[in-house]
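Asks: After the structure tokens below, expect a handful of questions from me.
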Amino acid sequence: MDATQHKIKSLAVLPLKNLSGDPAQEYFADGMTEAIIGRLSMIRGLRVISRTSVMRFKDTPTSVPEIAKTLGVDALVEGSVIREGGRVRVHAQLIRVATDEHFWSETYDRELGDALVLESEVAQAIAGRVEVTVTGAERARLVAARQVSPEVYESYLKGQFTEKKDNSRAEVEKSIAYFEGDPRFADLVRRVGLDQAR
């Protein structure tokens, strides 16, 4: 087969595994997964599977080819997150479904305050490896990332996690408390570019 038959036009970011050794950090891994999906979704030439569709494969024994067939994608991103104190490490790898090969793998180690930069770097690397055409405006949105207060970022991820976990009144109120707990939160939403999360 020639290279054009292996061209990647669609992908799914599988839920990143929480390797922090603390189940309470699950919100962090889920939040990073969603952020990377959100950034890659900015690329019009790449079909990126929604968070809702990929989350059913969290902690599943389903094989990579089965997942890819179910989701109808050319490639899968899988990886892990380790959160230790004020640092975060993300390992990500890209699998080409047609050949079942890992053709890209990278580890990123950053301060928690650089989490938005980390998300941006992972998304840019994936876009580069799948060789999708990225317009100037799309590239600018992919690259856009600044430092953020670790406390604000953590509240943002906890709010998202709580909001998606349960629709009970108590959980919704808890989620709103996370979102409104810091006046700098609105600025974070603007930076992350996920205004649709609210």
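Asks: May I ask you to give the solvent-accessible area per residue for the stretch 54-108, in square angstrom, as obtained with a 1.4 angstrom probe?
Replies: Roughly 50 Å² per residue, with all protein chains present.
Asks: Taking a virtual spin label 7 Å from the Cα of Leu19 along the C-beta vector, which residues in the stretch 92-108 bring their backbone nitrogen under 15 Å of it?
Replies: Counting only backbone N, you get 92-94, 105-108.
Asks: Quick one: net charge around Leu46, please, counting Lys, Arg +1 and Asp, Glu -1 for every other residue with C-beta under 12 Å from its C-beta. List each step's numbers first, then the result.
Replies: Numbers: positive: Lys7, Lys9, Arg39, Arg44, Arg47, Arg129; negative: Asp74, Glu131, Glu138.
Charge balance near Leu46 sits at +3.
Asks: As a test question: what accessible area, to the nearest 10 Å², does Arg129 have when a 1.4 Å probe is rolled over all protein chains in place?
Replies: 110 Å²
Asks: What are the residues whose amide H is under 5 Å from the amide H of Lys17, where those residues sit 5 or more places off or on another chain and H is modelled from the backbone?
Replies: Answer set, sorted by chain and number: Gly79, Ser80, Val81.
The values are calculated or read from the model by the stated rules, or taken from the named source; none is laboratory data. Just so it is clear, the structure is predicted and the values come from calculations on it, not from any experiment. Every residue, glycine among them, receives a Cβ derived from its backbone with ideal geometry; neighbour counts consider all protein chains shown. Please note that ligands, DNA and RNA were not included when accessible areas were found on the heavy atoms of the full protein model with its side chains. Shrake-Rupley method; radii C 1.70, N 1.55, O 1.52, S 1.80 Å.
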